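The values are calculated or read from the model by the stated rules, or taken from the named source; none is laboratory data. Nothing here was measured: the structure is a model prediction, and the numbers come from that model. Cβ atoms come from the backbone with ideal geometry, glycine included; neighbour counts cover every protein chain shown. Surface areas here come from the heavy atoms of the whole protein model, side chains and all, with no ligands, DNA or RNA. Shrake-Rupley method; radii C 1.70, N 1.55, O 1.52, S 1.80 Å.
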Amino acid sequence: MSESTGQPTPYEKVVGKAFTESIPLNAQIEITYRCNHLCTFCYNSPTGQREMTTPQIFEALRKISDFGVLYLTLTGGEALCHKDFFKIAEEVRRLGMALRIYTNGYLLADRKIVKKVKALKPFEIEITVHGGRAETHDQLTRIKGSFEKTVAGLRNLVDEGLKVNLKCPITTLNKDELFEIKELADSLGAYITFDPVITPKDDGSQDPLALRADEEFFKKYWAEHYAKLHGGRLPPRTNHCAGGGEANCGTGRSGFTVDPYGNILPCVAFRRQVANILEIESLGEVWKSSEVLTEVRDLAVEARTRLDERPDGAFFQFCLGVAETQLGDPLAVYPQAEINAGAIKKVYEVIRIADLKGRKSA
């Protein structure tokens, strides 16, 4: 919203219209599942199929560009592990799309690689940090020295004037280091997002859930830590990709994902195959006619309807993909979402009571 008028900005109007009319402005390609880390809670589940060749990735990029996508994210696995990463990234830019890169930052400890990244003029680079201390980060990546390399990479990016955002999945191992991680982000002038949900693997394995922090921690996180970690802001009450309309999120609406095999997915979390991008003529036709996408969009509306019927429904950050992978039903309420919603609801109840008391004493 514009601070001066309280009205949506022109950009917000465009995004809102695109969401309502299911016009995707963004896409991401998992260009490889190869990775130089061994994170135990990684959701990737390679099937052993042959990944797209570089010419095939170029073909996919052309179709995505022809579809009108404005910005594209290159991710993995570890995107920089692809032997032709820079050729692929240069093609994204040649086609006129803005470029975002998701990476673990390990290879960016090499200043020569950072110089090549800078030449791509990415509008954003997002890097995951798993701890405020080397021993914690390295334990989660299972790569000795990975913290030192990642931090060096972060500093190299900042020195080159590139925009860097950090993200940190909250685990049992790093939950007591969140403020140290925030200090690291602040020292770099980088914004950081903490993810309170550890998800199952894409193949349905529940093993990563063993790293979830417990309910008592999250009650304290939302009530006490969140505002301190986020500049005094209150906890979010909706999904980050919710467009403010009738749907719970933007899956199959505001964007889509292409996996290393060319499969088009409604989003990175909702892994239902829509089509294979190498086997279609036009993304536009698939986007209009796909029964999978129609069902996914309807499910997002149904999820919002069901949540609105709950007393804590307004506080849910709910993911259909996590629900389906974890419980076999995209509309089932999984424990992480319910715990977080209950804790956030209490935060807002305390604020409301404080406001009422303030009015009475005035």
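Carbon-plus-sulfur accessible fraction, the chain (probe radius 1.4 Å, protein heavy atoms only): 52%. Shown in residue order for the range 264-271 are the 3J(HN,Hα) couplings computed by the Karplus curve 6.51 cos²θ - 1.76 cosθ + 1.60 at θ = phi - 60°: 8, 10, x, 6, 5, 8, 9, 9 Hz (x for Gly and Pro).
Each of A223 and D298 was given a label point 7 Å from its Cα along the Cα-to-Cβ line. The distance between the two points is 4.2 nm.
In percent, rounded to a whole number, the relative contact order of the chain is 17, using alpha-carbon pairs under 8 Å and six or more apart.
Once the chain from I23 to E160 is taken as fully extended at 0.36 nm per residue, the excess over their C-alpha distance is 45.9 nm. Here the simple spin-label model places points 7 Å from the Cα toward Cβ, and for R310 and E279 these points are separated by 3.6 nm. Rounded to 0.05, the FRET efficiency of the A332 and E216 pair, given R0 = 22 Å and the Cβ-Cβ distance, is 0.40. If both residues of a DSSP beta bridge must be in the chain, then about 15% of such bridges are antiparallel. Considered as an equivalent ellipsoid built on the Cα gyration tensor, the range 230-362 has semi-axes of 36, 14, 13 Å, the largest given first.
Just the number, please: Stokes-Einstein D of the range 180-249 in µm²/s, Kirkwood Rh from C-alpha pairs, 20 °C, 1.002 mPa s. Estimated diffusion coefficient is 147 µm²/s. Over the range 193-290, the pair-distance histogram of Cα-Cα distances with 10 Å bins from zero comes to 12, 30, 32, 18, 7, 0 percent, rounded to whole numbers.
Using a cutoff of 8 angstrom between alpha carbon atoms and counting only pairs six or more residues apart, the relative contact order for the range 111-209 works out to 29 percent. Relative intensity of the range 91-167 on a log10 scale, I(q)/I(0) at q = 0.13, 0.17, 0.24 Å⁻¹, equals -0.39, -0.63, -1.06, per a Debye sum over C-alpha point scatterers of equal strength in the absence of solvent. Mean-square fluctuations from a GNM of the chain, with a 10 angstrom spring cutoff on Cα atoms, peak among G255, G96, G105 at G96. The accessible area of D308, taken with all protein chains in place and a 1.4 Å probe, comes to roughly 100 Å².
A convex hull fitted to the Cα coordinates of the range 14-129 yields 132 cubic angstrom per residue.
Can you classify the range 95-243 as rounded, prolate or oblate using the Cα gyration tensor, where a ≥ b ≥ c are the square roots of its eigenvalues, rounded means a/c under 1.5, and otherwise it's prolate if a/b beats b/c and oblate if not? Prolate is the answer for the range 95-243, as a/c is 1.5 or above and a/b outweighs b/c. Treating r as the C-beta distance of H230 and F86 and R0 as 51 Å, the FRET efficiency rounds to 0.90. Take the Cβ-Cβ distance between K346 and L173 as r, set R0 to 30 Å, and report the resulting FRET efficiency rounded to the nearest 0.05. With a Förster radius of 30 Å, E is 0.70. Projecting the alpha carbon convex hull of the range 71-132 along each direction and taking the average yields 4.3 nm².
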